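Asks: I'd like to ask some things about the structure below.
The values are calculated or read from the model by the stated rules, or taken from the named source; none is laboratory data. Just so it is clear, the model here is predicted, and its values are computed rather than measured. For neighbour counting, all protein chains shown are included, and Cβ atoms are generated from backbone atoms with ideal geometry for every residue, glycine included.
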Amino acid sequence: MPYLLYYLIVAALLVLAAVLLGRALTFRSRRYRVEPVPGPEIDAGRAAERLSGAIRIPTITAADPEKADRAPFEQFLRYLEEAFPAAHGALEREIVNRYSLLYRWRGRDESRKPALLMAHIDVVPIEKGTEQDWLHPPFSGAIADGFVWGRGTMDIKNQIILILEAVESLLAEGFVPARDFYLAFGHDEEVRGEEGAVKIAALLQSRGITFEYVLDEGGAVTVGAMPGVERAIALVGIAEKGYADIRITAEGEGGHSSMPPPHTAAGAIGRAVTELEKRQRPARISPFLKEMLAYIGPEMKFGLRLVLANLWLFGPLFKRIFVNTRAGNALLRTTTAVTILEGGSEPNVLPRKASAVINYRIAPGEDVAGLLGHVRGIVGPEVKVEPLVTTEPSRVSPVDGSGFETVERAVYAVFPDAVTVPYIVMGGTDAIRYEELCEQIYRFTPMLISAEDLDRMHGTNERLSLENIERGIRFYSELLKA
Ligand SMILES: [Zn+2]
């Protein structure tokens, strides 16, 4: 009965099509509406002045703390005290390890766990040779064309100033938060936070303090950053990648190059590097990435929605396409970047030594030890493998708890047209230092920026619009009033 078989196949295909379509059609956006809480009065112009004052103090981090100019850091602490008198009157403030700040705003209800808002005081230097490209000098804090200009306006003095603006305005209304709020501003985030965030976290831990949620810098609200999505996306970091610089070294005999061995030290390193690029860590659709796609998928065009709603079937196909984009690759796996090659100095002399440094960004769920095993397995026993700088990836914070919901609600109150999407921060933040103190750690800065604006952070013409100043203050007010 060949017809029966034929009918069965057609029926199965119809069922499959119905399932795929059904899942795509019921793949609903997770956006919802939130009524903003009333007040406080916001004076964006005054806030811009105060941000400008903060930008004019060049708190530049130096990789070597001995060489850092500490005068601006002392000046910055004094500046905050003068600029925010009400906050400094009402909140308890501690200076931690000379230049970092910890504030406590006591709430009405002591039985509730406190929350922690974070930022950092230090900024990265201006790259040599780019000073002339700034429309306004990087430490001028110029207010022009509706923006405050300068290093730190986006990363991340804006966060310090706008949090304190919200506190200052709420204090003027006589407001007291429901729970305790802590504010922590480290002074060396850009060089790993060992002197700032690590010390603040240790101090809090010694007091037995744990937090309901922690909010640090990380994502922002972006337009046009994700192909296929027109809606603005509020990227809330729920994890950050780990980091490893690994050096591989091969040694050779040296001597004249007229009768060489089959492989010199330089050749051995070349081969190892080729293999490391070819045999990368596996790409996988992790539980975190599934979560992210569940939020972003419904905002996409129907074809993509059909694929993302049916990852059970299209997962391998999706992975194969996604891994070929740089951003997709970075979300799917631990990335491999060969950054330094060294070896040999004369054209006719065999190098005694050759080496390479590979920079890895480690996906959550993997670790440094596993990565070292992977590298050793590939380069073989003849090549020495040494970790130089390493940081484990963070834990992944939940999206179904009170912390994410609190942040999400504040996002929707201030950015009603955006969709909140959990994502992974590719660079490191101070937030990872608080993992012992909190399960729910998020990384988000309330500003609406374009894909092009991202280059301004750590780059040229960093600036923050007055609209973003207002949004920031409203966002932190929402959190403080929640
Ligand atoms: Zn930063």
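Asks: Any residue in region 57-68 that is under 27 Å from the mean Cα position of the chain (by Cα), within 16 Å of the ligand (Cβ to nearest atom), modelled with pLDDT of 95 or more and farther than 19 Å from Ala184 by Cα?
Replies: Yes, region 57-68 contains at least one residue that is under 27 Å from the mean Cα position of the chain (by Cα), within 16 Å of the ligand (Cβ to nearest atom), modelled with pLDDT of 95 or more and farther than 19 Å from Ala184 by Cα.
Asks: If we keep just the residues of region 87-107 that are outside any strand (DSSP E or B) and in contact with a Pro (Cβ under 9 Å, 6 or more places away or on another chain), which is farthest from Arg207 (Cα to Cα)?
Replies: Step one: list which residues in region 87-107 are outside any strand (DSSP E or B), which gives 87-91, 97-99, 106-107.
Now drop any that are not in contact with a Pro (Cβ under 9 Å, 6 or more places away or on another chain), which leaves 106-107.
Values: Arg106: 16, Gly107: 18 Å.
Restricting to residues being outside any strand (DSSP E or B) and in contact with a Pro (Cβ under 9 Å, 6 or more places away or on another chain), the top hit is Gly107.
Asks: Now, a different point. Name the residue, out of Ile161, Ile156, Ile209, that is in the same structural domain as Ala451 (by TED's automatic domain parsing), touching a His at 6+ places or on another chain (Cβ under 8 Å) and among the β-branched types (Val, Ile, Thr).
Replies: Ile156
Asks: Something else now. Only one of these conditions is not met by Val396: (1) of a type in the set (A, V, I, L, M); (2) within 16 Å of the chain's Cα centre (by Cα); (3) outside any loop (DSSP other than H, G, I, E, B); (4) away from the ligand (no atom under 16 Å from the Cβ). Which number is it?
Replies: Status for Val396: all satisfied but (3).
Asks: With respect to Leu479, determine if the residue is more than 16 Å from the ligand (Cβ to nearest atom) and not in a strand (DSSP E or B). Lay out the reasoning, then the answer.
Replies: Details: more than 16 Å from the ligand (Cβ to nearest atom): yes; not in a strand (DSSP E or B): yes.
The answer is yes for Leu479.
Asks: Tell me whether region 189-205 contains one or more residues that are out of contact with any strand residue (DSSP E or B) (no Cβ under 9 Å at 6 or more places or on another chain), farther than 26 Å from Ser465 by Cα and touching a residue at least 24 places away in the same chain (Cβ under 8 Å).
Replies: yes
Asks: Another question, then. Which pairs have Cβ atoms under 8 Å, sit 6 or more apart or on different chains, and link a residue in region 337-360 that is part of a loop (DSSP other than H, G, I, E, B) to one that is acidic (Asp, Glu)?
Replies: Leu350/Glu253; Arg352/Glu251; Arg352/Glu253
Asks: Something else about it: How many residues does region 145-159 contain that are more than 9 Å from the ligand (Cβ to nearest atom) and either acidic (Asp, Glu) or without any contact (Cβ under 8 Å) to a residue 24 or more places away in the chain (or both)?
Replies: Total meeting the criteria: 1.
Asks: Only one of Thr335, Thr391 is out of contact with any His (no Cβ under 8 Å at 6 or more places or on another chain), surrounded by fewer than 18 Cβ atoms within 10 Å (Cβ to Cβ), within 28 Å of Val214 (Cα to Cα) and among the β-branched types (Val, Ile, Thr); which?
Replies: None of the others qualify; the one that does is Thr391.
Asks: Then there is this: If Val229 passes every condition in (1) modelled with pLDDT of 95 or more; (2) part of a loop (DSSP other than H, G, I, E, B) but one, which one does it miss?
Replies: Only one criterion in (1) modelled with pLDDT of 95 or more; (2) part of a loop (DSSP other than H, G, I, E, B) is unmet by Val229, namely (1).
Asks: A further question follows. Which of the residues belonging to region 438-460 are within 26 Å of Thr406 (Cβ to Cβ) and assigned to a strand (DSSP E or B)?
Replies: Ile441, Tyr442, Arg443, Phe444, Thr445, Pro446, Met447, Leu448, Ile449
Asks: Restricting the search to region 443-459, which residues are away from the ligand (no atom under 15 Å from the Cβ) and at pLDDT 95 or above?
Replies: Listed by number, the list holds a single entry, Leu448.
Asks: While we're on this one: If the Cβ limit is 7 Å and pairs must be 6+ apart or interchain, which residue in region 265-276 that is in the same structural domain as Pro381 (by TED's automatic domain parsing) pairs with which residue that is among the basic types (Lys, Arg)?
Replies: Close Cβ pairs (under 7 Å, with a partner that is among the basic types (Lys, Arg)) amount to Ala265/Arg352; Ala265/Lys353.
Asks: Then there's this: Which residues, counting only those in region 111-144, are among the basic types (Lys, Arg) and either touching a Lys or Arg at 6+ places or on another chain (Cβ under 9 Å) or within 16 Å of the ligand (Cβ to nearest atom) (or both)?
Replies: Scanning region 111-144 gives Arg112, Lys113.
Asks: Kindly establish whether Ala369 is at pLDDT 95 or above, of a type in the set (A, V, I, L, M, F, W, C) and in contact with a Lys or Arg (Cβ under 9 Å, 6 or more places away or on another chain).
Replies: It is false that Ala369 is at pLDDT 95 or above, of a type in the set (A, V, I, L, M, F, W, C) and in contact with a Lys or Arg (Cβ under 9 Å, 6 or more places away or on another chain).
Matching residues to (1) in contact with a Pro (Cβ under 7 Å, 6 or more places away or on another chain); (2) in the same structural domain as Glu253 (by TED's automatic domain parsing); (3) hydrophobic (A, V, I, L, M, F, W, C); (4) touching a residue at least 40 places away in the same chain (Cβ under 8 Å):
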residue	(1), (2), (3), (4)
Lys384	no, yes, no, yes
Arg409	no, no, no, yes
Pro422	no, no, no, yes
Met426	no, no, yes, yes
Thr429	no, no, no, yes
Ile441	no, no, yes, yes
His458	no, no, no, yes
Asn461	no, no, no, yes
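Asks: May I ask you to list pairs of residues, at least six apart or on different chains, whose Cβ atoms are under 6 Å apart, with the first in region 74-86 being part of a helix (DSSP H, G or I) and the second being surrounded by 16 or more Cβ atoms within 10 Å (Cβ to Cβ) and of a type in the set (Gly, Ala, Ser)?
Replies: Correct list of pairs: empty, since none qualify.
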